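What follows is a single structure, written as structure tokens, with notes after it.
No lab work stands behind these numbers, since they all come straight from the coordinates. Quantities reported herein were computed from a predicted structural model and do not represent experimental measurements.
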Amino acid sequence: MLEKRKAYETNLQAQLALWKADIDVLQAKARRAEVSAKVQYDKTIDSLQRTHAEAGERLRNLQDAGDEAWEGLKTGTEKAWTEFRDLFHHSKEKH
């Protein structure tokens with residue numbers, strides 16, 4: 001169980017790092033964008049940063065949980081993670 005748990009948490013950490021890189025790319029594009037496009041980039045970036053922070057908090061809660069609570073938190077984290085992934089994917093496609 002511990003090995004699966006560590007692998008799962010490591011996978012989530014890697015995904016958070018990828019999302020952070022995606023945010024960094026959007027920020028670079030926003031700096032080069034025209035004023036009208038920059039406003040949209042800024043809104044998207046703000047939303048993604050909030051989502052990233054929320055995903056990080058969920059991961060920390062999962063990592064801090066005892067074995068019994070971990071299984072219950074994992075289910076909620078998976079649902080939220082899917083929503084986060086979809087938001088990031090949609091934002092990348094839009095820009």
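Miscellaneous remarks
- Folded to 0 to 90 degrees: helix 2-32 orientation relative to the chain principal axis, Cα: 10
- Estimated purely from DSSP H runs of n ≥ 4, each contributing -39500 (n - 2.57), the mean residue ellipticity at 222 nm for the chain is -34000 deg cm²/dmol once divided by its residues.
- Pairs of Lys residues in the chain, spaced 8 or more positions apart or belonging to different chains, with C-alpha separations under 27 angstrom: 25 in total.
- For Cα extents along the principal axes in Å, calculated from these coordinates, the label among (1) 51, 19, 18; (2) 55, 27, 18; (3) 32, 27, 22: (1)
- Contact order for the chain, expressed relative to its length and based on alpha carbon pairs under 8 Å spaced 6+ residues apart, stands at 30 percent.
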